[in-house]
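The values are calculated or read from the model by the stated rules, or taken from the named source; none is laboratory data. Keep in mind the model is a prediction, meaning the values are calculated, not measured. Cβ atoms come from the backbone with ideal geometry, glycine included; neighbour counts cover every protein chain shown.
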Amino acid sequence: MSALVAGIGQAGLLAQELAEPTFAVPGWVAFSLVAVAMVVAALRVVTTDNVVHAALWLIVVLGGNGIIYLLLQAEFVAVTQFLVYLGAIVVLFLFGIMLTRAPLGRSDDLDNNQRAIGITVGVLLLGVISYALIRTFKDDKLYFQAYDGVMAQAGNNRTRALANEIFSPQLIPFEVLSVLLTAALIGAIVLARRD
Amino acid sequence: MLLNQFLLLAAVLFAIGTYGVIVRKNGVLVLMSIELILNAVNINLVAFSTMHGLDGQVFALFVIAVAAAEVGVGLAIILLIYRNRRSVDIDQLDELKG
C-alpha cells in the first residue's frame, strides 16, 4: 500500500516536472560550453607568447562573460558588456599593442622568472575561495526571486527596473562616475600628448 | 542552475588573472590580466544580484565604466613609459629600489 502511494507520489512529481518546462538543461549545457571556453581562453591570455593573440583570446573571455550575464537574466549588463568591452576596450588594447611596437610575432621575453610564485598564489587563492564558496553556498539554486518584486513595480520590464534603480537610489554615484570618466579622459590626453 | 557554478567560474578566472598579473612583464599584458580580474568580480556581482535585488547589476555597470577609464589611463601611462625607455618591460622600472 505504502509502495503504491509512493509510486503515485513519484508519478505526480514527474507529471509536475513535465507540466512546468524549465530551462535547466539548456542552461546547464550553455553554461558548461561557455565556462570551458572562457577558462581555456583565459589560460591562453596569460600563457601565450604572442601579444596580439592574447588580445584576441581576451575577446573570447569578454564575450563569454556577456553570455554568462544573459544566463543570469541581466540583459542590460550583457549588452553593455558587448558594447563597451568588445567594441571599445579590445580596440584600445590593440592600439596600445601597435603604439608600443610590441613584437607582433612570437617572443620569449613576455614572462618574468616568477612563474613558481604565480602558480602558487593562483592555486592557493583558488583553493581558499572555492573551499569558502562550497562550504557557504553548497548547492543553493538560483531562483531569481530578487527580480520579482522590483519587476512588478516596473511593469514587468527588467531594464526599466534597472533604470529606476540607477536614477533614484544610485543617482549620486552615477553622477560621480561621470566626473571620474571626464577626469580619466583629460588625464589620458595630458599623459599621452607630445609636448 | 546553481549559484555556486557561477561563483566558482568567477573564482577560476580571478585566480588566472592574478597569475597573469604576477607572471607577465609586458605592461599591456598586465592590463589584460587586470581586465580578467574585474570581469570575474562582475560575474559575482550579477550572480548575487539574483538573490539580493538589482544593486549588484548597477554595481557591475559601474565596474565596467571604471574599467574603461582605467584602461584608458593605464595605456596612456604605458605609452609614456615606452616613449621614455623604448620598452614596456615592467621589471626594468626599478628606480625606486635602493
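Quick rundown of the values:
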| item | result |
| --- | --- |
| Residue among B:Leu9, B:Leu3, B:Leu54, B:Leu80 that is surrounded by fewer than 20 Cβ atoms within 10 Å (Cβ to Cβ), more than 15 Å from the chain's Cα centre (by Cα) and not aromatic (Phe, Trp, Tyr) | B:Leu80 |
| Answer from B:Val30, B:Val23 - the residue that is at pLDDT below 95 and more than 7 Å from chain A (Cβ to nearest Cβ) | B:Val30 |
| Residue ID - surrounded by the most Cβ atoms within 10 Å (Cβ to Cβ), chosen from residues in segment A:107-122 that are more than 7 Å from chain B (Cβ to nearest Cβ) and either in contact with a strand residue (DSSP E or B) (Cβ under 6 Å, 6 or more places away or on another chain) or at pLDDT 90 or above (or both) | A:Thr120 |
| Matching residues in segment A:134-191 - criterion: being among the charged types (D, E, K, R), more than 14 Å from B:Ala65 (Cβ to Cβ) and loosely packed, with under 14 Cβ neighbours inside 10 Å | A:Arg135, A:Lys138, A:Asp139, A:Asp140, A:Lys141, A:Asp148 |
| Condition check for B:Leu75: more than 25 Å from A:Leu92 (Cα to Cα), free of Cβ contacts under 8 Å to residues at least 60 places away in the same chain and at the interface with chain A (Cβ under 7 Å from one of its Cβ atoms) | no |
| Number of positions in segment A:47-70 that are at the interface with chain B (Cβ under 9 Å from one of its Cβ atoms) and in contact with a Phe, Trp or Tyr (Cβ under 6 Å, 6 or more places away or on another chain) | 2 |
| Helices (runs of 4 or more DSSP H) lying entirely in segment A:78-195 (those with 2 or more residues that are without any contact (Cβ under 8 Å) to a residue 24 or more places away in the chain and aromatic (Phe, Trp, Tyr)) | A:115-137 |
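Okay, residues lined up against (1) within 13 Å of the chain's Cα centre (by Cα); (2) closer than 24 Å to B:Gly20 by Cβ:
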residue: A:Pro26; (1), (2): no, no
residue: A:Ala30; (1), (2): no, no
residue: A:Leu33; (1), (2): no, yes
residue: A:Tyr69; (1), (2): yes, yes
residue: A:Ala74; (1), (2): yes, no
residue: A:Val79; (1), (2): yes, no
residue: A:Leu83; (1), (2): no, no
residue: A:Gly87; (1), (2): no, yes
residue: A:Phe95; (1), (2): no, yes
